[in-house]
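Report on one structure; see the data block that follows.
The values are calculated or read from the model by the stated rules, or taken from the named source; none is laboratory data. What you see is a predicted model, and the numbers here were worked out from it, not measured in a lab. Positions of Cβ are generated from backbone atoms using ideal geometry, with glycine treated the same way; all protein chains shown enter the neighbour counts. Only protein heavy atoms, including side chains, enter the accessible area calculation; ligands, DNA and RNA are left aside. Shrake-Rupley method; radii C 1.70, N 1.55, O 1.52, S 1.80 Å.
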Amino acid sequence: MARMRRLGGVPWYLWLGILLIVAGVAAGFHLSGGGQVRLKAVSPADGGSDVPITAPIRFSFSEAMDPGSLEGHFSVEPHVDGRWVFDSTQATFWPHGAWSPGTGYSISLQAGAVAESGDELLEEVVLRFETREPELLYLQRIAAEDETRQLFAVVPGSGQPRQLTQEPFGIFDYAVHPEGEAIVYSVLREDGGSDLWRMERDGRQQGLLLACPDAACLNPAWSPDGGKLAYERRGIWADAPNLDPQASRIWLLDLESGEERPLFDYDVPLHSPVWAATGQRLAYLSPMASGIETYDLLTEELLQFGNEWGAVPDWSPDGRYLAVPELMLAGEAFVVHLLRLDLEGGAVLDISGEEAMVQDMAPAWSPGGGWIALGRQWLDEERWTPGRQIWLTRPDGNEAYPLLVEAMADHFALRWRPDGAVLAFVRQDLSEGLQPVPDVGLWIFDLVAREAVLVAEDAVRPAWLP
């Protein structure tokens with residue numbers, strides 16, 4: 001007869017029973033919310049002193065968090081409103097607009113925030129960082145006789161500009177990473193084509209990103225998550241990029257895999273891609289349809305809007321509206337009014353006002369969404385000026401007022417600093433009439449100091465590097 005095995009004098013089956021009871025208690029403890037959530041990673045790093053003003057706060061947890069609980073245990077000092085995005089174990093806080101430049105912030109995530117399972121975060125998380133001063137990018141000729149333009153960067157009002165490129169045939173255009181960590185730019189070649197190159201924000205590690213043999217790759221636009229580029233691919237004509245809208249196609253480049261493909265699998269002329277600040281929605285001009293289209297890369301929803309003026313639209317920060325200049329007939333005169341297109345409800349609002357005798361162009365939605373900057377030229381005799389003046393208006397057309405009026409100047413290429421406190425623009429001097437070589441300069445308007453300041457002579461295509 002076999003003998004019963006004992007462990008420390010206790011029969012083995014009793015030990016087995018004890019282990020099963022302990023395992024059951026542990027499982028019940030976990031299911032009832034008695035476990036601990038661990039914070040695996042957070043960015044920016046605690047103590048960071050060079051954080052871009054567009055950077056979000058990213059948390060990575062050991063398990064998916066309850067959104068309401070996490071938001072209730074989160075605070076920012078000084079206070080900043082924002083929105084949350086949850087994706088499995090990742091939670092991201094995006095500030096509305098941007099952080100303030102050169103400012104210290106304290107982020108607190110209090111203990112007690114719970115996961116979807118009921119597990120708790122047992123220790124408070126405190127994160128402190130300081131934001132940097134954004135730089136202003138622009139294209140400029142090194143010498144008056146030089147036809148090529150190079151890329152420069154400067155903190156307005158502080159220090160000398162930095163020349164970022166020295167390309168023999170110059171730079172055509174460029175795009176800034178949403179968080180300001182890199183720049184993609186179109187480098188012109190001797191044959192008139194262009195390739196896409198990439199550099200770090202400080203100008204280092206410049207290298208070829210996408211070769212475009214026998215073509216010109218232009219007008220890159222970075223997706224909100226930084227993972228894709230939309231860009232135009234054009235043929236070459238007369239040793240230069242073919243600027244006929246019918247010659248352009250929109251392509252997408254996946255920056256992680258390197259895969260490139262046309263936006264659609266059929267050949268259709270499209271140009272001027274502009275990403276919505278939220279989601280995967282892209283707007284662009286469709287010359288064949290004589291209008292604007294929006295396309296959602298996730299749902300493949302395609303919306304079309306007629307537009308005779310053919311101007312590039314601007315997105316509202318929440319991705320719901322487009323501000324679009326449109327050619328209209330007012331009595332016997334042609335005017336250009338600014339329309340607001342509602343992509344959810346389909347409503348169209350004339351922001352300029354139905355009776356206004358104006359040409360309203362180049363809309364730029366403020367980062368907070370409360371204002372739209374635009375270039376306005378009155379067409380009646382009493383208020384007419386040779387050039388467009390800078391105006392601000394509410395998105396519903398109310399409270400419109402002139403921000404900067406210089407009768408003998410034209411103002412265009414309006415670009416908000418991401419925090420909404422400064423507006424960059426290009427100013428063309430018209431006091432001597434139209435010149436073969438336009439007299440242009442890059443300026444900023446400080447909305448706090450209420451003054452305009454010259455940044456660089458003979459500079460165009462401004463963009464902010466957060």
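Here region 348-382 is the region considered, the condition is being of a type in the set (S, T, N, Q) and open to solvent by less than 30 Å² (accessible area, probe 1.4 Å), and the residue that is nearest to the chain's Cα centre (by Cα) is Ser366.
Which ones in region 269-294 are among the β-branched types (Val, Ile, Thr), under 20 Å from Arg234 (Cβ atoms) and open to solvent by less than 30 Å² (accessible area, probe 1.4 Å)?
Hit for region 269-294 is Ile292, nothing else.
Only strands (runs of 3 or more DSSP E) whose full extent lies in region 1-97 are considered here, and the ones with at least 1 residues that are open to solvent by 90 Å² or more (accessible area, probe 1.4 Å) and either at pLDDT 95 or above or closer than 21 Å to Gly112 by Cβ (or both) are 39-43, 74-77.
Among the candidates Leu208, Leu263, Leu243, which residue alone is at pLDDT below 95 and surrounded by fewer than 20 Cβ atoms within 10 Å (Cβ to Cβ)? Before you say what the answer is, go through the steps one by one.
Numbers: Leu208 fails: at pLDDT below 95; Leu263 fails: at pLDDT below 95.
Residue meeting the stated conditions: Leu243.
Counting the residues of region 298-323 that are touching a residue at least 40 places away in the same chain (Cβ under 8 Å) and outside any strand (DSSP E or B) gives 8. Which of the residues that make up region 98-114 are touching a Gly at 6+ places or on another chain (Cβ under 9 Å) and open to solvent by 50 Å² or more (accessible area, probe 1.4 Å)? Matches in region 98-114: Gln110 only. Restricting attention to region 295-318, the residues that are open to solvent by less than 60 Å² (accessible area, probe 1.4 Å) and in contact with a Pro (Cβ under 9 Å, 6 or more places away or on another chain) total 8. Cβ-Cβ contacts under 7 Å between residues 6 or more apart (or on different chains), taken from a first residue in region 359-387 that is without any contact (Cβ under 8 Å) to a residue 12 or more places away in the chain to a second residue that is not in a strand (DSSP E or B), are absent.
Could you check how many residues of region 311-354 are more than 18 Å from Leu414 (Cα to Cα) and small (Gly, Ala, Ser)? Qualifying residue count for the region: 8.
Please work out which residue is nearest to the chain's Cα centre (by Cα), limiting yourself to region 125-155 and to residues that are in a strand (DSSP E or B) and farther than 15 Å from Val455 by Cα. Before you say what the answer is, go through the steps one by one.
Let us first name the residues in region 125-155 that are in a strand (DSSP E or B), namely 125-131, 135-140, 150-155.
Filter once more, so that each one left must be farther than 15 Å from Val455 by Cα: 125-131, 150.
On the way: Val125: 29, Val126: 28, Leu127: 25, Arg128: 25, Phe129: 22, Glu130: 21, Thr131: 18, Gln150: 23 Å.
Restricting to residues being in a strand (DSSP E or B) and farther than 15 Å from Val455 by Cα, the top hit is Thr131.
Of all residues assigned to region 334-347, none qualifies as being part of a loop (DSSP other than H, G, I, E, B), open to solvent by 20 Å² or more (accessible area, probe 1.4 Å) and at pLDDT 95 or above. If you check Phe129 against the conditions, is it open to solvent by 20 Å² or more (accessible area, probe 1.4 Å) and closer than 30 Å to Phe445 by Cβ? So Phe129 fails the test.
Among residues of region 319-333 being open to solvent by 40 Å² or more (accessible area, probe 1.4 Å) and charged (D, E, K, R), the one that is modelled with the highest pLDDT is Arg320.
If you scan region 101-124, which residues turn out to be in contact with a Pro (Cβ under 8 Å, 6 or more places away or on another chain) and assigned to a loop (DSSP other than H, G, I, E, B)? Write out each step before concluding.
Start the filter on region 101-124 by keeping residues that are in contact with a Pro (Cβ under 8 Å, 6 or more places away or on another chain), which leaves 101, 103, 105.
Pro101, Thr103, listed by residue number.
In this structure, does Glu232 turn out to be acidic (Asp, Glu) and surrounded by 21 or more Cβ atoms within 10 Å (Cβ to Cβ)? Show your work before the answer.
Details: acidic (Asp, Glu): yes; surrounded by 21 or more Cβ atoms within 10 Å (Cβ to Cβ): yes.
Here the answer is yes, as Glu232 does meet what is asked.
For every residue, the table says whether it meets (1) surrounded by 17 or more Cβ atoms within 10 Å (Cβ to Cβ); (2) in contact (Cβ under 8 Å) with a residue 60 or more places away in the chain.
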residue	(1), (2)
Leu404	yes, no
Ala409	yes, no
Asp419	yes, yes
Leu423	yes, no
Val426	yes, no
Asp429	no, no
Val437	no, no
Phe445	yes, no
Val448	no, no
